[in-house]
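The values are calculated or read from the model by the stated rules, or taken from the named source; none is laboratory data. Worth saying up front: this structure is predicted, and the values here are computed from it rather than measured. All Cβ positions, even for glycine, are placed from backbone atoms using ideal geometry, and neighbour counts span all protein chains on display. SASA here: full protein model, heavy atoms, side chains in, ligands and nucleic acids out. Shrake-Rupley method; radii C 1.70, N 1.55, O 1.52, S 1.80 Å.
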Amino acid sequence: MDWIKLADRLYPQVDGTPDDMERKYPPRNLPEGAKVTRFAPSPTGFIHMGALFPSFVCMRLARDSGGVFFLRIEDTDEKRAVEGAVAQIVEGLNDYGVRFDECAVNDGGYGPYSQRARVGIYHIYAKELVRRGLAYPCFCSEDALASMRAEQEAEKANFGYHGRWAKCRDLSLESIEERLQNGEMFVLRLRVPTSPAACGRHPLPDEGGRMVVLDDPAKGRIEMPPNEIDHVLLKSDGVPTYHFAHAVDDHLMRVTHVVRGDEWLATYPLHHMLFDLLGFPRPKYIHIAPLMKQDGGGKRKLSKRKDPECALSWYAEQGYPVDTVREYIMTLLNSNFEDWRRANPASDSNTFPFSPKKMNAAGALFDLQKLDDVSKNVISRMTAEEVYRQLTAWAERFDPGFHTLLSRDPAYTEALLSIGRGGAKPRKDIARWGEAKAYLSFFFDELFTPAAPPDPAFCKAYAGIYDPEAPQDEWFAAIKALGGQYGYCPDVKQYKADPSGWKGSVADASASLRLALTGRESSPDMFQVMQMLGQERAIKRLMM
Ligand code: GLU
């Protein structure tokens, strides 16, 4: 076979060479050890948890090492492309602090940053592989491939285009010419070398029957048999498959660490082979297991279809702060993050020493209860001004009526929000802004739902003596004293030791007041609640 002739026949328009590409995209000028990573979504526009999670890994690896993190749009599958998706991806991730050093709108010199715009580059390498007898056109129809698969199934043979099933592997130049003349469509397939000599200066990865070995920090060492399939490199429209684009792009864009879903592990031997055949040094790989969810007795993958929490829009609607989501992702990424957080309560999570080795190889478990716990902590650490800012912004979008109340008197709302805030043990009442209305309701007459206190007479009597000027200790002493007159033991311990002769303790007296004032059995510090309500409103509620 005259491979050079075939290469010129298939790609007459290609005049660039791999050497030209090496010159155009030289190794990046970065400090020793700097990592280059990329986030490579298809342009469906829908950024979900399963994508945000690995983007954090990429970003942290690059940032922690003084490297580069870029966005590459994998738009080789036209059916999946969505209008405006790139902006949605960039903005959607930006909301969560994921920022790219390079992307389609911010060229770093290693672009284009979307694969359809790189087709000319892939063709240079396609032509080169054909020239070297490492790729060939395949004219098999969908039907032919389907019957091949059926036969392989019947014979229990390995699936795929290989061995005697690879009908187009050894077509003559004349036969190829004839089909081209007939206008037959073809895909370009890899021609898996059968002997080390066949691939020139690039040795076969499995030379001597060796296995393909992958050392993945997240998965450990994995050994797999080498690839034997003549996989498709270019589809019939000349657009590459993921595999070919991965090798060409990640080499020319000088990616050092490929972070991707572990669904790509099975085809790793093919990628290993492609890098070797193309003469590219191989990058390091970090394969990430999908997020898992407890379902009944078992675990399953977090699903875009079944689990609303998979969509990032859900966090916005529920009112989980962005910091909660970021913080929660860190707990999913590295199990030691929570210990670190306890030791460094005020530190930025970006200073946590992230390690891909500490990732859960089997898939981190997504747990909404845990998310709430994380969020309560995050919100409890915020200042009242910050809570006010985020809560009103949330309410403006998702609960306009509540927004009107919150912003009617900003100083009042901020003061409410500062109850129990600051100090060593801040209150952890709400996990998301969507819970704030129920939590704050009694501070607004429009939202207050009265409840009958067990001892209205005591409440009324207390209304008569309430002194809003009294400091907290005097205020409490007054409740105790009045409680005593109404049969409530002023000392809880004493009451517990011998309840006979008492109606209850001062705790029960306070519970009556709380119910009258807030309409519920638990509330933030009552002294502060009463201060916030103000004398008039407090007395009115106690008298009801
Ligand atoms: N577009 C591929 C995907 O979304 C990218 C995989 C990779 O990061 O290499 O699965």
For Arg38, the residues 5 or more places away or on another chain with a placed amide H closer than 5 Å to its own amide H are Phe70, Val259
The extension gain from Asn336 to Met544, computed as 0.36 nm times the residue separation minus the Cα-Cα distance, is 69.6 nm
Expressed to two decimals, the chain has a Cα Rg over Rh, using the Kirkwood radius, of 1.17
Per the Kirkwood formula over distinct C-alpha pairs, the hydrodynamic radius of the stretch 150-199 in angstrom is 13.1 Å
Between Thr44 and Lys357, the two model label points (7 Å from Cα along the beta-carbon direction) sit apart by a distance in nm of 3.5 nm
In degrees, nearest 10, the alpha-carbon axis of helix 49-65 is tilted away from the dominant principal axis of the alpha carbons of the chain by 80 degrees
Amide H neighbours of Arg189 at under 5 Å, excluding residues fewer than 5 places away on the same chain, with H built from the backbone geometry, are Tyr136, Cys138, Leu233
Karplus ³J(HN,Hα) for the stretch 307-324 (6.51 cos²θ - 1.76 cosθ + 1.60, θ = phi - 60°; Hz, whole; x = Gly/Pro) runs 10, x, 6, 6, 7, 5, 4, 4, 5, 5, 5, 5, x, 7, x, 3, 5, 5
Rounded to the nearest 10, the angle in degrees between the Cα long axis of helix 506-518 and the longest principal axis of the Cα atoms of the chain comes to 70 degrees
A correct Karplus calculation of ³J(HN,Hα) over the stretch 35-40, with 6.51 cos²θ - 1.76 cosθ + 1.60, θ = phi - 60°, whole Hz and x for Gly and Pro, returns 9, 10, 10, 9, 10, 10
So, with points 7 Å from each Cα along the Cβ direction, the Arg282-Val322 label distance in nm works out to 3.9 nm
Glu177 neighbourhood, Cβ < 13 Å, K/R = +1, D/E = -1, net charge -2
The stretch 97-127 scanned against label point 7 Å out from Asp15 along Cα→C-beta; backbone N under 19 Å for 119-127
Ignoring ligands and nucleic acids, Ser522 exposes an accessible area, probe 1.4 Å, in Å² to the nearest 10, of 80 Å²
Here FRET efficiency (C-beta to C-beta, Gln494 to Trp314, R₀ 45 Å, nearest 0.05) is 0.30
If amide H atoms are modeled at 1.01 Å from N in the peptide plane, then the residues at a separation of 5 or more from Phe366, or on another chain, having amide H under 5 Å from its own are Met292, Lys293, Gln294
Rounded to 0.05, the calculated FRET efficiency for the beta carbons of Phe159 and Asn344 at R₀ = 41 Å is 0.20
A correct Karplus calculation of ³J(HN,Hα) over the stretch 363-377, with 6.51 cos²θ - 1.76 cosθ + 1.60, θ = phi - 60°, whole Hz and x for Gly and Pro, returns x, 5, 8, 8, 9, 5, 5, 5, 4, 4, 4, 4, 5, 4, 5
Once Asp215 and Glu536 are pulled to full extension, the length gained, defined as 0.36 nm per residue separation minus their Cα-Cα distance, is 108.5 nm
One finds, for Ala452 and Lys299 with R0 = 35 angstrom and r their Cβ-Cβ distance, a FRET efficiency to the nearest 0.05 of 0.15
Filtering trypsin sites (Lys or Arg not before Pro) in the stretch 75-115 by DSSP loop and by at most 16 other Cβ atoms within 10 Å leaves Arg99
Charge tally for neighbours of Leu93 with beta carbon under 12 Å away, counting Lys, Arg as +1 and Asp, Glu as -1, is 0
Note: probe point = Cα of Glu142 + 7 Å toward Cβ; backbone nitrogen < 15 Å; residues of the stretch 62-83 passing the test are 78-79
